[in-house]
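The values are calculated or read from the model by the stated rules, or taken from the named source; none is laboratory data. Quantities reported herein were computed from a predicted structural model and do not represent experimental measurements. Quick reminder, even Gly has a Cβ in these numbers, built from the backbone with ideal geometry, and neighbours come from all protein chains shown.
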Amino acid sequence: MALPPNRPRPARAPRAALSFAQALKRLCLTRRGAAAVEFAISGLALLAFIMALLNFGLLGFSLGALAHSVQATAREAAMYASNQYATTGTMTCPTNSMITTYFDNFAQPPLPAAGTSTGSNPLITATWTNNSSGTGVSSSGGPEWNGVYLTLTVKYLWSPIGFNMFIKGIPLSITTATTVMGSFDIPTVISPSCS
């Protein structure tokens with residue numbers, strides 16, 4: 001069926017002015033834009049959930065990188081002391097600045113450069129224990145390794161992304177211990193740097 005030729009539309013009757021109450025009632029009953037408002041409200045919850053998942057992943061990655069860096073740093077410091085003992089006959093332990101350099105070399109990108117002074121983030125604490133006398137008993141009466149060993153602790157205050165105003169930081173701490181190879185020989189000549 002063919003459409004009739006263009007005909008002019010009939011003129012609409014002018015609308016009567018609405019009172020404020022009628023306009024408000026009409027606005028409340030309309031459904032236009034309801035989906036946009038619902039999405040805006042639920043979208044914030046969805047964004048917060050996605051950010052929380054991202055932060056949990058970054059936290060796990062940072063913790064793994066921190067553990068790897070601490071273990072590799074302790075191993076490198078113990079190897080340095082062992083090599084010094086093998087070449088010079090005197091065990092010389094690396095300084096705190098050398099240990100910090102080792103850590104910075106092993107640290108993965110989410111970890112910043114470390115330091116040994118108070119307020120550093122991460123904060124490195126290296127404790128050398130000289131038990132080359134071979135007693136095998138700690139000051140508390142428990143068993144202790146013979147030889148010279150390093151206890152390395154790194155503390156790091158991890159900051160989440162996007163939640164800084166709610167969470168100021170999550171403290172992470174990793175401690176590891178390693179024995180210096182060759183320090184089992186008694187008597188071992190040990191430098192004061194290992195005390």
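Within the span defined as segment 34-43, every residue fails to be surrounded by 10 or more Cβ atoms within 10 Å (Cβ to Cβ) and part of a loop (DSSP other than H, G, I, E, B). So, Ala72, is that one free of Cβ contacts under 8 Å to residues at least 12 places away in the same chain and touching a Phe, Trp or Tyr at 6+ places or on another chain (Cβ under 9 Å) or not? Considered against the rule, which asks whether it is free of Cβ contacts under 8 Å to residues at least 12 places away in the same chain and touching a Phe, Trp or Tyr at 6+ places or on another chain (Cβ under 9 Å), Ala72 comes out as no.
Of the residues Thr73, Thr87, the single one that is surrounded by 18 or more Cβ atoms within 10 Å (Cβ to Cβ) and out of contact with any Pro (no Cβ under 9 Å at 6 or more places or on another chain) is Thr73. Only one of the numbered conditions (1) free of Cβ contacts under 8 Å to residues at least 60 places away in the same chain; (2) part of a helix (DSSP H, G or I) is not met by Arg31, and that is (2). For segment 156-184, name all the residues that are in contact with a strand residue (DSSP E or B) (Cβ under 8 Å, 6 or more places away or on another chain), of a type outside the set (Gly, Ala, Ser) and modelled with pLDDT under 80. If the condition is that a residue be in contact with a strand residue (DSSP E or B) (Cβ under 8 Å, 6 or more places away or on another chain), of a type outside the set (Gly, Ala, Ser) and modelled with pLDDT under 80, then Phe184 is the only one that fits.
Thr92: closer than 30 Å to Thr179 by Cβ, surrounded by fewer than 13 Cβ atoms within 10 Å (Cβ to Cβ) and either of a type outside the set (Gly, Ala, Ser) or more than 38 Å from the chain's Cα centre (by Cα) (or both), yes or no? No; evaluated as a whole, the condition is false for this residue.
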